[in-house]
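Participant: The structure that follows is given in the form of structure tokens.
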Amino acid sequence: MLMEEMLSKDNIQIIDGCADWEQAVHVAVNPLVDGGFVTPAYAVGIIENTHKYGPYFVLAPNLALLHARPEQGVIHQQLAVCVLRKGVVFKEGDDPVAVLVTLAAENPNDHIDVMKILATMFSDPQKITQIAQAQSVEEIYNLFTNVTV
């Protein structure tokens, strides 16, 4: 599956900030709810998993890959990107995170190509900074879709 099939411009948002990490999860997941890709329970699943396991999805400085199990509300696979101008702290003492990428996957094998692209992108701290500082949805979309693996 291509990145263009997994990420729509409608699922990209740039916002000022959120009151706390739980609100940030809801905000980040909301485009996927609105698009019919996940149920509202998906955000609740991510939050419950975080309370149980900690912020397992913070993969790199300034980056979180929000996800939960398919049975926690996935309808159809898709990505969403939320850039928080004022990052959010998921665990006391940790640095704030500005780039929240939400992954809704129906099963582990369907999104391997997209995960390769994300791994390539996120292994470059400069790419994460570019996303965090992007000025438009178009710029963020291009950063995600113009990656060669």
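Participant: Just to be sure, is Ala134 surrounded by fewer than 20 Cβ atoms within 10 Å (Cβ to Cβ), touching a strand residue (DSSP E or B) at 6+ places or on another chain (Cβ under 8 Å) and modelled with pLDDT of 95 or more?
Facilitator: Here the answer is yes, as Ala134 does meet what is asked.
Participant: Return the residues of the stretch 140-149 that are surrounded by 15 or more Cβ atoms within 10 Å (Cβ to Cβ) and either assigned to a helix (DSSP H, G or I) or in contact with a strand residue (DSSP E or B) (Cβ under 8 Å, 6 or more places away or on another chain) (or both); say none if nothing qualifies. I'd like the intermediate steps shown before the answer.
Facilitator: Filtering the stretch 140-149 down to residues surrounded by 15 or more Cβ atoms within 10 Å (Cβ to Cβ) leaves 140-141, 143-144, 147.
Within the stretch 140-149, Ile140, Tyr141, Leu143, Phe144 meet the criteria.
Participant: Only one of these is more than 17 Å from Asn11 (Cα to Cα), charged (D, E, K, R), out of contact with any strand residue (DSSP E or B) (no Cβ under 6 Å at 6 or more places or on another chain) and part of a strand (DSSP E or B): Lys127, Lys86, Lys116. Name it.
Facilitator: Among Lys127, Lys86, Lys116, only Lys86 is more than 17 Å from Asn11 (Cα to Cα), charged (D, E, K, R), out of contact with any strand residue (DSSP E or B) (no Cβ under 6 Å at 6 or more places or on another chain) and part of a strand (DSSP E or B).
Participant: Could you list, in sequence order, all residues of the stretch 71-82 that are surrounded by 18 or more Cβ atoms within 10 Å (Cβ to Cβ) and not small (Gly, Ala, Ser)?
Facilitator: Gln72, Val74, Gln77, Gln78, Leu79, Val81, Cys82
Participant: Working only within the stretch 32-54, note down all residues that are buried (at least 16 other Cβ atoms within 10 Å of the Cβ) and either more than 19 Å from Ile75 (Cα to Cα) or of a type outside the set (Gly, Ala, Ser) (or both).
Facilitator: Once the filter is applied, which keeps residues that are buried (at least 16 other Cβ atoms within 10 Å of the Cβ) and either more than 19 Å from Ile75 (Cα to Cα) or of a type outside the set (Gly, Ala, Ser) (or both), the stretch 32-54 yields Leu32, Val33, Phe37, Val38, Thr39, Tyr42, Val44, Ile46, Ile47, Asn49, Thr50.
Participant: Being without any contact (Cβ under 8 Å) to a residue 40 or more places away in the chain and hydrophobic (A, V, I, L, M, F, W, C) is the filter here, so list the residues in the stretch 47-92 that pass it.
Facilitator: Ile47, Phe57, Val58, Ala64, Ala68, Val74, Ile75, listed by residue number.
The values are calculated or read from the model by the stated rules, or taken from the named source; none is laboratory data. Not measured: the values here are computed from a predicted model. Here Cβ is always computed from backbone atoms with ideal geometry, including for glycine, and neighbour counts include all displayed protein chains.
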